[in-house]
Each structure stands twice: as C-alpha cells, then as structure tokens.
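Undergrad: There's a structure below that I have some questions on.
The values are calculated or read from the model by the stated rules, or taken from the named source; none is laboratory data. This structure is a prediction, so every number in the text was calculated from the model and none was measured. With ideal geometry, Cβ positions are generated from the backbone for all residues, glycine too; neighbour counts draw on all protein chains shown.
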Ligand code: NAP
C-alpha cells in the first residue's frame, strides 16, 4: 500500500525512531522539527507552533494526492515547565500549551479539513503521556497539556464515527523512554519536581525503554486493526 506519514518532532528521540522505522518499511515519510541534525532531505525545518506548519502540512497532502493511506503523528512535545505551582513562570506555561496542545490540534484540524471526504485510510496518532492520566507533583502544566490532547482525541473520535469517510484517531501514551526529555526531567530539582528520585532510579536501574523499541510498538499499533477502535491507549497495555 502507498502510505504517507507526517511525523512531527522527528529530529531526535521517539519521533526520529518512528520516522526511521517507517522509512525502513518503504513508506513516504515527511519529518517536521525545528532542527535537522542529521541533514535529512525529508525533514522540513519548522516550528510546529508557527503558522507555516499547517501550510506545510497542506502542501505535503497535496504533493501526495492519490495515496492509499495518510497518517499524521503528532509527536513534537516539551516537558517544561517542570515545577510545582507557584514556582513556574507564566510565559513558559503559554509556550507549553502552544507546543503540546495548540499545535497538534491545529495540525489535526488541517489534516481533517483536507482529507475528510477523501477515500483513503486516514489516521491521526497523538503522542500523549501517562502524565496526563495520573497526577505527578511538579507536572501541573505538562500533565494538563497531555490530558487536553487525550480529551481532544476523545471528541474527534466520537465526531469521526458519524462521518462517511471517517478518520481514525488515538492519543497513545508511549511509556518512559530514554530520550533528551528524560535528561531534562533528571536535571530538575526535587523542590520543583518532587518525584525526581524515581526518575533518577529509572535511568540508574536501566528500566527506561529505548526510542527504537517504543517506535516499534507505536508503529505496530497505528498499522493494526486496533487503530480506530479506542480514543486513548497506552503502549504498556499492548500484548
Ligand atoms: P525529545 O527527545 O525531547 O524530542 C522532542 C522532539 O520534538 C524533537 O525532535 C524536537 O525537535 C521536537 N520539537 C520540540 N519542540 C518543537 C517545536 N516547537 N516545533 C517542532 N518540533 C519540536 O522528546 P521525546 O522523549 O522523544 O518525546 C516525544 C513525545 O513523547 C513528546 O510528545 C513527549 O511528551 C512524549 N513522551 C515522552 C516520554 C519520555 O519518557 N521520553 C514519556 C511520555 C511521553 P527540535 O528540537 O529539532 O525542534
């Protein structure tokens, strides 16, 4: 099947691993991130919070018109600000919401606008987090952004069930993965992030998943019959 994947935050971490494995499967992959450390030809340097991002997505969908499957993977995300409420700066709160909530919703909206009536397999996978489903002191902002993307996915899931050419959507928690994001978490203080020791232990004890094994599970899910059957999922619950 001729499949097109758009993966945001694909310069490093989970997004890079997902995009690389999809490329290895032979699919057309368009990566989006602010930087291109590996100088990849298929990476568009773009901030997902810029107006350009939705325009670029439209261009990509137009370029690959006639494909059998289109998948948007909203993966770009930031964990900052980390801090119990009262210790966080207001301007960084707004930035987290822009990157983790506004941008994926706008890209999903553009994807739906462009493809709603197109006869093809159409999927949106939003990378969420267990932090949006359980409470962690110090993640008032991050956890809230991920809970927001979960709820957005639930609503679109219901809306799409009523469409004649529905788009599958899921918000999926990827587990706890050894990426730069975990380095940022470990470099916080116990004052701003009370569960810090637990995250130091994950690294020390080697219990973090690798980006590659996480990517395998995310791809297996998005390409499986389970995709489109539930609005939220967690890779740790998959058999
Ligand atoms: P990461 O290693 O920090 O990578 C983040 C990616 O997002 C990078 O490619 C970065 O690229 C991109 N990005 C960040 N801000 C962007 C922006 N404004 N515009 C475009 N791209 C942007 O993080 P990760 O651990 O792979 O996390 C990926 C996703 O998984 C995130 O949504 C995160 O919340 C979620 N997640 C991670 C974990 C974990 O344990 N790692 C756990 C649960 C959920 P540039 O810097 O080049 O722009």
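Undergrad: Could you say whether any residue in region 197-210 is within 14 Å of the ligand (Cβ to nearest atom), over 18 Å from residue 143 (Cβ atoms) and within 17 Å of the chain's Cα centre (by Cα)?
TA: The answer is yes, given that some residue of region 197-210 is within 14 Å of the ligand (Cβ to nearest atom), over 18 Å from residue 143 (Cβ atoms) and within 17 Å of the chain's Cα centre (by Cα).
Undergrad: Something else now. Need the failing condition index for residue 87 against (1) surrounded by fewer than 18 Cβ atoms within 10 Å (Cβ to Cβ); (2) away from the ligand (no atom under 16 Å from the Cβ); (3) at pLDDT 95 or above; (4) within 18 Å of residue 142 (Cα to Cα), just the number.
TA: Residue 87 satisfies all of (1) surrounded by fewer than 18 Cβ atoms within 10 Å (Cβ to Cβ); (2) away from the ligand (no atom under 16 Å from the Cβ); (3) at pLDDT 95 or above; (4) within 18 Å of residue 142 (Cα to Cα) except (3).
Undergrad: May I pose another question? When you go through 165, 113 one by one, which is the residue that is more than 17 Å from the chain's Cα centre (by Cα) and in contact (Cβ under 8 Å) with a residue 12 or more places away in the chain?
TA: 165
Undergrad: Now a separate question. Could you check, for region 40-49, whether at least one of its residues is away from the ligand (no atom under 11 Å from the Cβ) and either assigned to a helix (DSSP H, G or I) or in contact with a helix residue (DSSP H, G or I) (Cβ under 7 Å, 6 or more places away or on another chain) (or both)?
TA: no
Undergrad: Filter region 110-146 for residues that are assigned to a strand (DSSP E or B) and buried (at least 18 other Cβ atoms within 10 Å of the Cβ); which is farthest from the ligand (Cβ to nearest atom)?
TA: My answer is 122.
Undergrad: In region 158-174, which residues are buried (at least 19 other Cβ atoms within 10 Å of the Cβ) and part of a loop (DSSP other than H, G, I, E, B)?
TA: 167, 174
Undergrad: A follow-up question, please. Output the residue which, of all residues in region 222-237 that are surrounded by fewer than 18 Cβ atoms within 10 Å (Cβ to Cβ) and within 15 Å of the ligand (Cβ to nearest atom), is farthest from the chain's Cα centre (by Cα).
TA: 237
Undergrad: Now, a different point. Select from region 1-39 the residues that are part of a loop (DSSP other than H, G, I, E, B), in contact with a strand residue (DSSP E or B) (Cβ under 7 Å, 6 or more places away or on another chain) and more than 9 Å from the ligand (Cβ to nearest atom) and write down the one among them that is farthest from residue 126 (Cα to Cα).
TA: Here the residue is 1.
Undergrad: Now for a different question. Mind checking which residues of region 187-211 are surrounded by 15 or more Cβ atoms within 10 Å (Cβ to Cβ) and in contact with a helix residue (DSSP H, G or I) (Cβ under 8 Å, 6 or more places away or on another chain)?
TA: Within region 187-211, 188, 193, 196, 199, 202, 203, 208, 211 meet the criteria.
Undergrad: Still on this model: Quick test of your reading of the structure: residue 151 fulfils all but one of (1) more than 26 Å from residue 65 (Cβ to Cβ); (2) within 12 Å of the ligand (Cβ to nearest atom); (3) in contact with a strand residue (DSSP E or B) (Cβ under 9 Å, 6 or more places away or on another chain). Name the failing condition by number.
TA: Only one criterion is unmet by residue 151, namely (2).
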